[in-house]
Amino acid sequence: MQFIGQLLFLLIIGCTGYILYKRIKFISSAIRLGKSVEITDNKSLRWRNMLLFALGQKKMFRNFIPAFLHLLIYAGFIIVNIEVLEFILDGLTGKHRFFAILLQKAYPTETGYNTLYNIMMNGFEWLCLGVILACIVFLIRRNVLKVKRFTGIEMTRWPLLDANLILIFEIILMMAILTMNGADQLLQRAGDVAYTGTGPLLISRSLVVPIIQNMDPGTLFLLERGCWWFHIIGILGFAIYVTYSKHLHIALAFPNSYFANLNPPAVMPNMEEVTSEVKMMLGLETLTPEPAGDISRFGVQDVTDRTWKNLLDAFTCTECGRCTSVCPANVTGKKLSPRKIIMDVRDRAEVLARSNGKAEGHTLFDSITREEIFACTTCNACIDICPVSIDPVSIILGMRRYTAMEESSSPPEWNMMFNNIETNFAPWKFPASDRFKWAESLVSKNNDKNG
């Protein structure tokens, strides 16, 4: 029976590994649809940003309460699942509480359990309780209080369901650990020699044991083993689920923060090819520059016109809505939602990746309207607030550039400004020689006043 359990465990691990490999390969191929760009500058600052923003969640703490609850879930879930390592070793070896056995052998005690192991297990249980409470609060915020930034035209169906599913799933996984520990302690009391090593655990003893203490040893054994299998399969399932969920940011927040733009976000990058041509026309550059290759398109029509970093942004998005909540265009009732822009980019990249880049006849403009991109004020508030260093503005500016340079379909007011800049070197419709006439009239009025 033990051998069958070990074999089944290996089969589950193998299947999980294969599915994860396929999903990671798919996501990687979707990100690589973007143009190649090297980001290797200022490594020390990049490491610092990664530690501050991805690990330390620095930007989250602008609002302390949700930030603390999020940190509690994040830290609690990660630390508690260190115990998963023991689960895996138990599954591979057929033992029960592998680390407890090792510690008891190395530091034998008359109580039958190791103090260090008992302290760790109690700590894990407190974190389990913290994760459960934080998830309940977040469920209330989303479904009862209905915090505004969790809503929007893009937050329907799967995005809405995904957020609730993950919170419920985390609660169930944490309760499975507590139930398993409670049954474990009752089996120890019953004198089952296979169930020794944990010692008294405060949370499960207080919350779980009173509910199940009247069960017979056989039922307790099935409950304990059932929770063990449920938790390990749940964790492996969670690992797969994350690759389909907004919670992929758990992993991608680290590289995305590391490769984030270190330059001021308000600086719009020029196209080198166009800049060189302009400089030659103005006599600022006399030598013909080295050909940079064919320019297939000016601006952004599809995700393949952006860099891999922009697509990494899209797959890192937490869909938290902070960017949209601070967007002045959105606040004043316009259609623009930076979160929707990023989600649309991610959806389009996935479509192209599934079709090996051959999904012709469709572009980003099928899901992102010109009304949205023209509403952006380029204030960069969305970039500043994003907890994982995502840049929606570069996508918007690229699409604007496409409408102006490829389609000539900018708003009439913009076209008028472009013409004025081209002919008068200023946005206004009068020649440069008349630029200071308004000042002359002021001088004239001032002279008349002073007589």
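The values are calculated or read from the model by the stated rules, or taken from the named source; none is laboratory data. Remember, predicted model here, so these are calculated numbers, not experimental data. Positions of Cβ are backbone-derived with ideal geometry, glycine not excepted, and every protein chain shown enters the neighbour counts.
Scanning segment 264-319 for residues that are surrounded by fewer than 13 Cβ atoms within 10 Å (Cβ to Cβ), on the phi > 0 side of the Ramachandran plot and either in contact with a strand residue (DSSP E or B) (Cβ under 8 Å, 6 or more places away or on another chain) or at pLDDT 75 or above (or both) returns a single hit, GLY283. Among the residues of segment 103-131, those identified as more than 25 Å from LEU173 (Cβ to Cβ) and surrounded by fewer than 20 Cβ atoms within 10 Å (Cβ to Cβ) are GLN104, LYS105, ALA106, TYR107, PRO108, THR109, GLU110, THR111, GLY112, THR115.
Scanning segment 379-419 for residues that are surrounded by fewer than 16 Cβ atoms within 10 Å (Cβ to Cβ) and over 33 Å from the mean Cα position of the chain (by Cα) yields GLU407, SER408, SER409, PRO411, PRO412, GLU413, TRP414, ASN415, MET416, PHE418, ASN419. Restricting segment 1-24 to residues that are over 31 Å from the mean Cα position of the chain (by Cα) and either among the small types (Gly, Ala, Ser) or outside any helix (DSSP H, G or I) (or both), the residue that is surrounded by the fewest Cβ atoms within 10 Å (Cβ to Cβ) is MET1. Residue selection: PHE87 satisfies the criterion of being part of a helix (DSSP H, G or I), of a type in the set (Phe, Trp, Tyr) and modelled with pLDDT under 85.
On the given criteria, is LEU129 under 28 Å from VAL331 (Cα atoms), aliphatic (A, V, I, L, M) and in contact with a helix residue (DSSP H, G or I) (Cβ under 6 Å, 6 or more places away or on another chain)?
When the stated conditions are applied, LEU129 does not pass them.
Annotation note: of ARG46, ARG97, ARG62, the sole residue that is more than 30 Å from ARG205 (Cα to Cα), surrounded by 15 or more Cβ atoms within 10 Å (Cβ to Cβ) and basic (Lys, Arg) is ARG46.
For segment 213-253, a residue qualifies if it is of a type outside the set (S, T, N, Q), more than 17 Å from LEU187 (Cβ to Cβ) and outside any helix (DSSP H, G or I), and exactly one does: TYR244. Of all the criteria given as (1) under 18 Å from the mean Cα position of the chain (by Cα); (2) in the same structural domain as ALA183 (by TED's automatic domain parsing), the one not satisfied by ALA54 is (2).
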